[in-house]
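Data first, discussion second: the structure below is written as C-alpha coordinates.
The values are calculated or read from the model by the stated rules, or taken from the named source; none is laboratory data. Quick caveat, the model's predicted, so the values are computed rather than measured. Every residue, glycine as well, gets a Cβ built from its backbone with ideal geometry; the counts of neighbours run over all protein chains shown.
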Ligand code: KG4
Ligand code: ZN
(Lines give C-alpha, C1' and ligand atoms only; values in the text may rest on other atoms or scores of the structure.)
(Ligands and ions follow the chains in the order given, each with its own letter.)
Protein backbone atom coordinates (compact mmCIF):
# COMPACT_ATOMS: atom_id res chain seq x y z
CA UNK A 1 0.00 0.00 0.00
CA UNK A 2 1.37 3.42 -0.91
CA UNK A 3 1.28 6.05 1.81
CA UNK A 4 0.56 9.69 1.09
CA UNK A 5 4.27 10.33 1.47
CA UNK A 6 5.41 9.46 -2.04
CA UNK A 7 8.51 11.61 -2.35
CA UNK A 8 9.89 10.17 -5.50
CA UNK A 9 7.60 11.20 -8.38
CA UNK A 10 6.69 7.80 -9.64
CA UNK A 11 9.41 5.42 -8.65
CA UNK A 12 10.34 3.86 -5.33
CA UNK A 13 7.37 4.99 -3.30
CA UNK A 14 7.49 5.06 0.50
CA UNK A 15 5.41 2.14 1.72
CA UNK A 16 3.57 1.77 5.02
CA UNK A 17 4.05 -1.81 6.24
CA UNK A 18 2.54 -1.39 9.69
CA UNK A 19 4.23 0.12 12.70
CA UNK A 20 6.95 -1.83 14.52
CA UNK A 21 7.53 -2.13 18.25
CA UNK A 22 10.73 -0.88 19.86
CA UNK A 23 13.56 -1.65 20.29
CA UNK A 24 14.65 -1.44 16.65
CA UNK A 25 18.25 -1.78 15.48
CA UNK A 26 19.19 -0.20 12.16
CA UNK A 27 22.36 -0.08 10.07
CA UNK A 28 22.58 3.30 8.33
CA UNK A 29 24.72 4.64 5.47
CA UNK A 30 25.70 8.21 4.57
CA UNK A 31 27.52 8.99 1.30
CA UNK A 32 25.97 12.24 0.05
CA UNK A 33 29.14 14.35 0.14
CA UNK A 34 32.72 13.62 1.18
CA UNK A 35 32.22 11.25 4.11
CA UNK A 36 31.74 7.52 3.71
CA UNK A 37 29.87 6.62 6.89
CA UNK A 38 28.06 3.66 8.42
CA UNK A 39 26.53 3.34 11.88
CA UNK A 40 24.41 1.04 13.98
CA UNK A 41 21.74 2.72 16.11
CA UNK A 42 19.22 1.10 18.45
CA UNK A 43 16.01 3.00 19.11
CA UNK A 44 14.41 2.07 22.43
CA UNK A 45 11.63 3.54 24.58
CA UNK A 46 14.35 5.45 26.42
CA UNK A 47 15.71 7.08 23.25
CA UNK A 48 18.54 6.34 20.83
CA UNK A 49 21.72 4.37 21.54
CA UNK A 50 24.59 4.71 19.08
CA UNK A 51 26.20 1.24 19.01
CA UNK A 52 28.81 2.29 16.44
CA UNK A 53 29.49 5.24 14.16
CA UNK A 54 32.26 4.96 11.58
CA UNK A 55 33.11 8.01 9.44
CA UNK A 56 35.78 7.83 6.76
CA UNK A 57 36.54 11.41 5.73
CA UNK A 58 37.83 12.10 2.20
CA UNK A 59 39.21 15.52 3.16
CA UNK A 60 42.78 14.68 2.15
CA UNK A 61 41.61 13.51 -1.29
CA UNK A 62 39.84 16.82 -2.03
CA UNK A 63 42.11 19.28 -0.19
CA UNK A 64 44.35 19.93 -3.20
CA UNK A 65 41.30 21.09 -5.19
CA UNK A 66 39.96 23.46 -2.51
CA UNK A 67 36.58 21.71 -2.43
CA UNK A 68 34.78 18.44 -3.05
CA UNK A 69 35.29 16.95 -6.55
CA UNK A 70 32.17 14.83 -7.23
CA UNK A 71 33.93 12.16 -9.36
CA UNK A 72 36.70 11.66 -6.81
CA UNK A 73 34.08 11.46 -4.05
CA UNK A 74 31.99 8.82 -5.84
CA UNK A 75 35.02 6.66 -6.62
CA UNK A 76 36.27 6.87 -3.06
CA UNK A 77 32.83 5.90 -1.68
CA UNK A 78 32.91 2.79 -3.92
CA UNK A 79 36.33 1.84 -2.56
CA UNK A 80 35.48 2.43 1.11
CA UNK A 81 31.83 1.49 1.62
CA UNK A 82 32.21 -2.23 2.12
CA UNK A 83 34.99 -1.89 4.70
CA UNK A 84 33.20 0.94 6.53
CA UNK A 85 30.02 -1.19 6.75
CA UNK A 86 31.96 -4.18 8.10
CA UNK A 87 33.65 -1.97 10.71
CA UNK A 88 30.34 -0.46 11.85
CA UNK A 89 28.91 -3.95 12.44
CA UNK A 90 32.10 -5.22 14.11
CA UNK A 91 32.34 -2.21 16.45
CA UNK A 92 28.70 -2.73 17.44
CA UNK A 93 29.48 -6.42 18.03
CA UNK A 94 26.56 -7.34 15.78
CA UNK A 95 25.82 -8.95 12.43
CA UNK A 96 23.24 -8.37 9.69
CA UNK A 97 21.09 -11.01 11.39
CA UNK A 98 20.73 -8.64 14.38
CA UNK A 99 19.42 -5.76 12.24
CA UNK A 100 15.75 -4.81 11.87
CA UNK A 101 16.36 -2.60 8.83
CA UNK A 102 18.88 -0.93 6.54
CA UNK A 103 18.75 2.85 6.06
CA UNK A 104 20.64 5.02 3.59
CA UNK A 105 20.72 8.64 2.51
CA UNK A 106 18.79 8.83 -0.78
CA UNK A 107 19.39 12.59 -1.28
CA UNK A 108 19.85 15.49 -1.47
CA UNK A 109 23.55 15.54 -2.31
CA UNK A 110 26.11 14.59 -4.95
CA UNK A 111 24.20 11.95 -6.85
CA UNK A 112 27.20 9.74 -7.66
CA UNK A 113 27.94 9.36 -3.96
CA UNK A 114 24.30 8.97 -2.93
CA UNK A 115 23.94 6.12 -5.45
CA UNK A 116 26.89 4.25 -3.93
CA UNK A 117 25.47 4.20 -0.39
CA UNK A 118 21.90 3.62 -1.52
CA UNK A 119 22.88 0.76 -3.86
CA UNK A 120 24.97 -0.89 -1.15
CA UNK A 121 22.02 -0.62 1.25
CA UNK A 122 19.65 -2.05 -1.35
CA UNK A 123 21.98 -5.02 -1.90
CA UNK A 124 22.25 -5.68 1.84
CA UNK A 125 18.47 -5.34 2.33
CA UNK A 126 17.75 -7.71 -0.58
CA UNK A 127 20.36 -10.27 0.44
CA UNK A 128 19.30 -10.33 4.09
CA UNK A 129 15.55 -9.92 3.57
CA UNK A 130 15.50 -6.71 5.59
CA UNK A 131 13.37 -3.60 5.03
CA UNK A 132 15.07 -0.69 3.26
CA UNK A 133 14.53 2.85 4.51
CA UNK A 134 15.48 5.70 2.15
CA UNK A 135 16.30 8.74 4.28
CA UNK A 136 16.43 12.42 3.36
CA UNK A 137 19.85 13.69 4.48
CA UNK A 138 18.21 16.80 5.96
CA UNK A 139 15.84 14.63 7.99
CA UNK A 140 18.97 12.96 9.37
CA UNK A 141 20.35 16.33 10.50
CA UNK A 142 16.89 17.19 11.87
CA UNK A 143 16.89 14.17 14.23
CA UNK A 144 20.64 14.31 15.01
CA UNK A 145 20.20 16.08 18.37
CA UNK A 146 18.07 13.12 19.46
CA UNK A 147 21.23 10.98 19.31
CA UNK A 148 22.61 12.75 22.36
CA UNK A 149 19.53 13.44 24.46
CA UNK A 150 15.84 12.63 24.74
CA UNK A 151 14.23 15.49 22.84
CA UNK A 152 10.49 15.26 22.28
CA UNK A 153 8.74 16.55 19.17
CA UNK A 154 7.82 19.23 18.28
CA UNK A 155 10.81 21.58 18.17
CA UNK A 156 12.09 24.55 16.20
CA UNK A 157 15.19 23.63 14.19
CA UNK A 158 17.96 25.71 12.66
CA UNK A 159 19.72 23.44 10.16
CA UNK A 160 23.04 25.00 9.19
CA UNK A 161 25.45 23.01 7.07
CA UNK A 162 27.65 23.36 4.01
CA UNK A 163 24.72 22.88 1.66
CA UNK A 164 21.73 24.10 3.67
CA UNK A 165 20.57 26.91 5.88
CA UNK A 166 16.95 26.56 6.95
CA UNK A 167 14.59 27.14 9.85
CA UNK A 168 12.12 24.29 10.23
CA UNK A 169 9.18 23.47 12.44
CA UNK A 170 9.75 19.78 13.22
CA UNK A 171 6.54 18.12 14.39
CA UNK A 172 7.77 14.57 13.85
CA UNK A 173 9.53 12.32 11.39
CA UNK A 174 8.28 13.15 7.88
CA UNK A 175 6.27 16.06 9.28
CA UNK A 176 8.29 19.25 8.98
CA UNK A 177 7.57 22.67 7.53
CA UNK A 178 10.05 25.28 6.48
CA UNK A 179 9.89 28.76 8.01
CA UNK A 180 12.87 30.21 6.14
CA UNK A 181 15.80 29.32 3.91
CA UNK A 182 18.80 30.94 2.25
CA UNK A 183 18.20 32.83 -0.97
CA UNK A 184 21.83 32.28 -2.06
CA UNK A 185 24.66 30.55 -0.15
CA UNK A 186 24.37 28.33 2.90
CA UNK A 187 26.13 29.48 6.09
CA UNK A 188 28.76 26.71 5.85
CA UNK A 189 29.38 27.64 2.22
CA UNK A 190 30.01 31.25 3.34
CA UNK A 191 32.50 30.01 5.96
CA UNK A 192 34.19 27.80 3.35
CA UNK A 193 34.37 30.37 0.54
CA UNK A 194 35.66 33.18 2.77
CA UNK A 195 38.18 30.79 4.33
CA UNK A 196 39.31 29.83 0.83
CA UNK A 197 39.80 33.52 -0.08
CA UNK A 198 41.94 33.75 3.09
CA UNK A 199 43.98 30.69 2.04
CA UNK A 200 42.89 28.76 5.11
CA UNK A 201 42.46 25.47 3.26
CA UNK A 202 39.52 23.10 3.10
CA UNK A 203 37.18 22.66 4.91
CA UNK A 204 37.24 26.31 5.87
CA UNK A 205 34.73 26.53 8.73
CA UNK A 206 36.85 24.92 11.48
CA UNK A 207 40.02 26.73 10.23
CA UNK A 208 38.27 30.09 10.29
CA UNK A 209 36.98 29.40 13.80
CA UNK A 210 40.53 28.62 14.99
CA UNK A 211 41.93 31.82 13.46
CA UNK A 212 39.09 33.93 14.91
CA UNK A 213 40.08 32.90 18.44
CA UNK A 214 42.95 35.38 18.44
CA UNK A 215 41.09 38.13 16.57
CA UNK A 216 38.96 41.14 17.38
CA UNK A 217 36.62 41.87 14.49
CA UNK A 218 35.13 45.07 15.87
CA UNK A 219 37.11 47.28 13.47
CA UNK A 220 35.55 45.74 10.36
CA UNK A 221 32.04 46.77 9.31
CA UNK A 222 30.51 43.92 7.31
CA UNK A 223 27.13 44.22 5.54
CA UNK A 224 23.95 42.94 7.18
CA UNK A 225 21.66 41.20 4.68
CA UNK A 226 17.90 41.49 4.16
CA UNK A 227 17.49 43.92 7.03
CA UNK A 228 14.27 45.40 5.62
CA UNK A 229 12.52 42.03 5.45
CA UNK A 230 10.33 40.50 8.12
CA UNK A 231 10.66 36.87 7.06
CA UNK A 232 13.11 34.20 8.22
CA UNK A 233 15.20 33.95 5.03
CA UNK A 234 19.00 34.19 4.94
CA UNK A 235 21.52 35.67 2.51
CA UNK A 236 25.30 35.38 2.73
CA UNK A 237 26.53 36.39 -0.72
CA UNK A 238 27.01 40.10 0.14
CA UNK A 239 29.03 39.15 3.21
CA UNK A 240 31.15 36.81 1.11
CA UNK A 241 31.92 39.52 -1.47
CA UNK A 242 32.70 42.16 1.18
CA UNK A 243 34.92 39.82 3.17
CA UNK A 244 36.79 38.64 0.06
CA UNK A 245 37.62 42.29 -0.74
CA UNK A 246 38.79 42.95 2.81
CA UNK A 247 41.16 39.95 2.63
CA UNK A 248 43.24 41.96 0.15
CA UNK A 249 43.68 44.78 2.67
CA UNK A 250 45.01 42.45 5.39
CA UNK A 251 48.77 42.81 5.91
CA UNK A 252 49.54 41.08 9.19
CA UNK A 253 48.47 37.82 10.83
CA UNK A 254 46.58 39.93 13.35
CA UNK A 255 44.63 41.63 10.52
CA UNK A 256 43.61 38.21 9.23
CA UNK A 257 42.59 36.99 12.66
CA UNK A 258 40.54 40.16 13.16
CA UNK A 259 38.79 39.62 9.83
CA UNK A 260 38.07 35.97 10.68
CA UNK A 261 36.46 37.10 13.94
CA UNK A 262 34.39 39.73 12.10
CA UNK A 263 33.14 37.13 9.59
CA UNK A 264 32.26 34.60 12.28
CA UNK A 265 30.44 37.27 14.29
CA UNK A 266 28.49 38.44 11.22
CA UNK A 267 27.40 34.91 10.30
CA UNK A 268 26.43 34.13 13.90
CA UNK A 269 24.50 37.40 14.15
CA UNK A 270 22.45 36.72 11.02
CA UNK A 271 21.68 33.16 12.16
CA UNK A 272 20.55 34.57 15.50
CA UNK A 273 18.39 37.38 14.09
CA UNK A 274 16.42 35.03 11.83
CA UNK A 275 16.16 32.37 14.54
CA UNK A 276 14.71 34.98 16.90
CA UNK A 277 12.04 35.87 14.33
CA UNK A 278 11.22 32.19 13.92
CA UNK A 279 11.08 31.74 17.71
CA UNK A 280 8.53 34.56 17.98
CA UNK A 281 6.32 32.97 15.28
CA UNK A 282 6.77 29.46 16.67
CA UNK A 283 5.91 30.55 20.23
CA UNK A 284 2.48 31.66 19.03
CA UNK A 285 1.70 28.09 17.94
CA UNK A 286 3.45 25.92 20.53
CA UNK A 287 3.59 25.95 24.30
CA UNK A 288 6.54 23.55 24.45
CA UNK A 289 9.47 25.75 23.42
CA UNK A 290 12.55 23.87 22.33
CA UNK A 291 15.15 25.26 19.91
CA UNK A 292 17.60 22.86 18.24
CA UNK A 293 20.58 23.77 16.05
CA UNK A 294 22.08 21.02 13.85
CA UNK A 295 24.41 20.59 10.85
CA UNK A 296 28.12 21.17 10.42
CA UNK A 297 28.04 24.87 11.38
CA UNK A 298 26.46 23.90 14.72
CA UNK A 299 29.97 22.70 15.62
CA UNK A 300 31.04 26.37 15.77
CA UNK A 301 31.28 27.45 19.41
CA UNK A 302 30.45 31.11 18.77
CA UNK A 303 27.38 30.14 16.75
CA UNK A 304 26.23 27.82 19.52
CA UNK A 305 26.78 30.41 22.22
CA UNK A 306 24.87 33.25 20.59
CA UNK A 307 21.99 30.95 19.64
CA UNK A 308 21.82 29.59 23.17
CA UNK A 309 21.60 33.16 24.51
CA UNK A 310 18.85 34.01 22.00
CA UNK A 311 16.90 30.89 22.96
CA UNK A 312 17.12 31.79 26.65
CA UNK A 313 15.93 35.33 25.88
CA UNK A 314 12.81 33.94 24.16
CA UNK A 315 12.05 31.29 26.78
CA UNK A 316 13.23 28.35 24.64
CA UNK A 317 15.22 25.38 25.90
CA UNK A 318 18.36 24.91 23.74
CA UNK A 319 19.85 21.72 22.35
CA UNK A 320 22.60 20.92 19.87
CA UNK A 321 23.87 17.46 18.86
CA UNK A 322 27.15 16.19 20.34
CA UNK A 323 29.96 17.60 18.14
CA UNK A 324 30.56 14.26 16.37
CA UNK A 325 26.96 14.29 15.10
CA UNK A 326 26.93 17.91 13.86
CA UNK A 327 28.93 17.18 10.71
CA UNK A 328 27.88 14.41 8.34
CA UNK A 329 27.61 10.96 9.92
CA UNK A 330 25.55 7.81 9.49
CA UNK A 331 24.22 7.61 13.05
CA UNK A 332 21.71 10.35 12.24
CA UNK A 333 20.64 8.44 9.10
CA UNK A 334 20.27 5.19 11.05
CA UNK A 335 18.17 7.00 13.69
CA UNK A 336 15.91 8.63 11.09
CA UNK A 337 15.62 5.17 9.52
CA UNK A 338 14.70 3.57 12.85
CA UNK A 339 12.09 6.25 13.54
CA UNK A 340 10.61 5.70 10.07
CA UNK A 341 10.66 1.93 10.55
CA UNK A 342 8.84 2.31 13.88
CA UNK A 343 6.07 4.15 12.00
CA UNK A 344 6.06 1.48 9.27
CA UNK A 345 7.50 3.85 6.65
CA UNK A 346 9.83 1.78 4.49
CA UNK A 347 10.94 2.08 0.86
CA UNK A 348 10.70 -0.07 -2.23
CA UNK A 349 13.96 -1.49 -3.57
CA UNK A 350 13.65 0.66 -6.71
CA UNK A 351 13.70 3.91 -4.72
CA UNK A 352 15.64 6.54 -6.70
CA UNK A 353 18.63 8.59 -5.57
CA UNK A 354 17.61 12.25 -5.58
CA UNK A 355 20.25 14.99 -5.98
CA UNK A 356 17.54 17.49 -5.00
CA UNK A 357 14.99 16.65 -2.35
CA UNK A 358 13.48 19.40 -0.20
CA UNK A 359 12.22 18.35 3.24
CA UNK A 360 9.18 20.53 2.90
CA UNK A 361 8.50 19.88 -0.77
CA UNK A 362 5.20 21.78 -0.95
CA UNK A 363 6.77 24.94 0.48
CA UNK A 364 9.89 24.70 -1.67
CA UNK A 365 7.95 24.35 -4.91
CA UNK A 366 5.72 27.34 -4.05
CA UNK A 367 8.76 29.58 -3.57
CA UNK A 368 9.45 31.80 -6.62
CA UNK A 369 13.19 31.38 -6.02
CA UNK A 370 12.80 27.72 -6.95
CA UNK A 371 10.20 27.85 -9.69
CA UNK A 372 12.39 27.84 -12.77
CA UNK A 373 14.19 24.68 -11.80
CA UNK A 374 12.94 22.45 -14.58
CA UNK A 375 12.91 18.70 -14.13
CA UNK A 376 15.37 18.72 -11.27
CA UNK A 377 12.91 20.13 -8.74
CA UNK A 378 13.61 22.52 -5.92
CA UNK A 379 17.06 22.27 -4.40
CA UNK A 380 16.20 22.68 -0.76
O1 LIG B 1 26.71 18.99 7.83
P2 LIG B 1 28.00 19.02 7.07
O3 LIG B 1 29.09 18.09 7.50
O4 LIG B 1 27.77 18.75 5.55
C5 LIG B 1 26.67 19.20 4.82
O6 LIG B 1 25.62 18.52 4.85
O7 LIG B 1 26.84 20.28 4.19
O8 LIG B 1 28.52 20.52 7.12
C9 LIG B 1 29.76 20.88 6.61
C10 LIG B 1 29.89 22.37 6.77
C11 LIG B 1 31.11 22.92 6.05
O12 LIG B 1 30.72 24.07 5.32
C13 LIG B 1 32.06 23.28 7.19
O14 LIG B 1 32.94 24.34 6.90
C15 LIG B 1 31.07 23.66 8.26
O16 LIG B 1 30.03 22.73 8.14
N17 LIG B 1 31.69 23.58 9.59
C18 LIG B 1 31.94 24.65 10.35
C19 LIG B 1 32.61 24.17 11.52
N20 LIG B 1 32.72 22.80 11.41
C21 LIG B 1 32.13 22.47 10.22
N22 LIG B 1 31.69 25.95 10.17
C23 LIG B 1 32.09 26.81 11.13
N24 LIG B 1 32.74 26.42 12.26
C25 LIG B 1 33.02 25.12 12.49
N26 LIG B 1 33.64 24.75 13.61
ZN1 ZN C 1 24.99 17.32 6.02
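Observations
- Taken residue by residue, the range 57-79 has at least one member that is over 30 Å from residue 151 (Cβ atoms) and in contact with a strand residue (DSSP E or B) (Cβ under 6 Å, 6 or more places away or on another chain).
- Pick from the range 322-335, criterion under 20 Å from residue 24 (Cα atoms) and part of a loop (DSSP other than H, G, I, E, B), ranking: nearest to ligand 1 (Cβ to nearest atom): 329
- Candidate set from the range 117-134 (those that are surrounded by 24 or more Cβ atoms within 10 Å (Cβ to Cβ) and more than 12 Å from residue 27 (Cβ to Cβ)); member that is farthest from the chain's Cα centre (by Cα): 118
- Scan of the range 78-95 for residues that are under 30 Å from residue 343 (Cα atoms) and in a helix (DSSP H, G or I), ordered by number: 81, 82, 84, 85, 86, 87, 88, 89, 90, 91, 92
- Residue within the range 314-321 that is under 19 Å from residue 216 (Cβ atoms), within 16 Å of ligand 1 (Cβ to nearest atom) and in contact (Cβ under 8 Å) with a residue 24 or more places away in the chain present: no
- Only one entry in 210, 178, 171 is free of Cβ contacts under 8 Å to residues at least 12 places away in the same chain and under 30 Å from residue 143 (Cα atoms), namely 210.
- Scope the range 274-291; condition touching a residue at least 12 places away in the same chain (Cβ under 8 Å), surrounded by fewer than 20 Cβ atoms within 10 Å (Cβ to Cβ) and farther than 13 Å from residue 171 by Cα; matching residues: 276, 277, 280, 281, 283
- So residue 216, is it in contact with a helix residue (DSSP H, G or I) (Cβ under 6 Å, 6 or more places away or on another chain), away from ligand 1 (no atom under 16 Å from the Cβ) and either farther than 17 Å from residue 332 by Cα or not assigned by TED's automatic domain parsing to the domain that holds residue 261 (or both): yes
- Of residues in the range 34-59 being part of a loop (DSSP other than H, G, I, E, B) and surrounded by fewer than 24 Cβ atoms within 10 Å (Cβ to Cβ), the one farthest from ligand 2 (Cβ to nearest atom): 45
- Within the range 187-212, if we keep just the residues that are outside any helix (DSSP H, G or I) and in contact with a helix residue (DSSP H, G or I) (Cβ under 8 Å, 6 or more places away or on another chain), the residue that is nearest to ligand 1 (Cβ to nearest atom) turns out to be 203.
- Of the residues making up the range 147-186, just one is over 19 Å from residue 325 (Cα atoms), within 14 Å of ligand 1 (Cβ to nearest atom) and in contact with a helix residue (DSSP H, G or I) (Cβ under 6 Å, 6 or more places away or on another chain), namely 185.
- Top-ranked residue of the range 174-197 - restricted to ones that are over 25 Å from residue 333 (Cα atoms) and surrounded by fewer than 22 Cβ atoms within 10 Å (Cβ to Cβ), ranked as farthest from ligand 2 (Cβ to nearest atom): 197
- Residues in the range 88-109 that are more than 16 Å from residue 135 (Cβ to Cβ) and either surrounded by 15 or more Cβ atoms within 10 Å (Cβ to Cβ) or under 19 Å from the mean Cα position of the chain (by Cα) (or both): 89, 91, 92, 94, 96.
- The residue that is nearest to ligand 2 (Cβ to nearest atom), counting only those in the range 140-170 that are part of a loop (DSSP other than H, G, I, E, B) and within 20 Å of residue 276 (Cβ to Cβ), is 164.
- Residue check, residue 222 farther than 24 Å from residue 329 by Cβ, outside any helix (DSSP H, G or I) and either outside the structural domain of residue 253 (by TED's automatic domain parsing) or modelled with pLDDT under 95 (or both): yes
- In the condition set (1) surrounded by 14 or more Cβ atoms within 10 Å (Cβ to Cβ); (2) more than 16 Å from ligand 2 (Cβ to nearest atom); (3) modelled with pLDDT under 95, residue 27 is compliant with all but (3).
- When each of 268, 298, 312, 278 is tested for being outside the structural domain of residue 140 (by TED's automatic domain parsing), more than 18 Å from residue 145 (Cβ to Cβ) and either part of a loop (DSSP other than H, G, I, E, B) or at pLDDT 95 or above (or both), the lone residue that passes is 268.
- For the range 283-310, filtering for residues that are away from ligand 1 (no atom under 15 Å from the Cβ), closer than 15 Å to residue 272 by Cα and touching a helix residue (DSSP H, G or I) at 6+ places or on another chain (Cβ under 7 Å) leaves 2.
- Search result, residues across the range 15-67 that are in contact with a helix residue (DSSP H, G or I) (Cβ under 6 Å, 6 or more places away or on another chain) and at positive phi: 66
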